[in-house]
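I have placed the structure first, in the form of structure tokens, so that the comments after it can refer back to it.
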Amino acid sequence: MTRRGLLLILSSPSGAGKSTLSRRLMAWDPTLRFSVSATTRAPRPGEVDGRDYWFHSRPDFEAMVDAGQMLEHAEVFGNLYGSPRGPVEQAMAEGRDTLFDIDWQGGQQIRNSALGRDVVSIFILPPSIAELERRLVIRGQDSAEVIAGRMAKARAEISHWAEYDYVIVNRDLDASFDQLVTILTAERLRRDRQPWLTDFVRTLNRQVDAR
């Protein structure tokens, strides 16, 4: 009674909450596999290779792209980011779901790939632009210059909201998380994601005929 694994994509402008929601979802369901992205940017303090990102030189990353080993990739703020293909396909075959915390460019590439039929995409919106900037400042990860760049890019990122299957406005983290769980639960129960149902219904029909 297994089902095909799905690809759950979360996207948002920086600071809208997708990373926090991703971590909470992983804690809620430990069977959910997180797609660890590859990147050419330098590790931040405390980040571990293979846990937070796979850190690569630009030549190594580009070689992986040329070899078809990236499911998606994009350049963001001067660094390359991408999702390794192999682990995703293996998880799908095992009936496990994979969670992607990626931007709209990566989400678009995956939706347009051969795996697109198994994608569930969710865009996270901030309640306001002022709140978005406040969150970027208080998390203390970026310089004022980087924050200004992220804010300048927010409008372009938000313009892609209508390309997603679902949209969550993250006014309250708990409420947004509840909506996220509801979406995932419903998508897992879709008939076309449960191929075992065909044989199950045939068995029911045989049982009816045998009465």
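Values for this structure:
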| item | result |
| --- | --- |
| Dipole of the stretch 7-195, positive end: most advanced residue of VAL65, ALA162, GLN179 [Cβ charges, Cα centre] | GLN179 |
| Net charge, PRO43 excluded, C-beta distance under 14 Å - Lys, Arg +1, Asp, Glu -1 | 0 |
| For the chain, size of Cβ-based charge dipole, Lys and Arg +1, Asp and Glu -1, in debye | 600 debye |
| Diffusion coefficient, µm² s⁻¹, Stokes-Einstein with Kirkwood Rh over alpha-carbon pairs of the chain at 20 °C and 1.002 mPa s | 115 µm²/s |
| Net charge of neighbours whose Cβ lies under 10 Å from the Cβ of GLN105, counting Lys and Arg as +1 and Asp and Glu as -1 | -4 |
| Antiparallel %, DSSP beta bridges [both residues in the chain], to 5 | 30 percent |
| Within the stretch 36-119, trypsin sites (Lys or Arg not before Pro) in DSSP loop having at most 11 other beta-carbon neighbours inside 10 Å | ARG51 |
| Among ALA63, ALA93, ALA38, residue whose mean-square fluctuation peaks in a GNM of the chain (springs only between Cα atoms under 10 Å) | ALA63 |
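Values in this text are rule-based calculations from the coordinates and carry no lab data. Treat the numbers as computed from the prediction; the structure is a model and nothing was measured. Please note: Cβ atoms are built from the backbone with ideal geometry, for glycine as well, and neighbour counts cover all protein chains shown.
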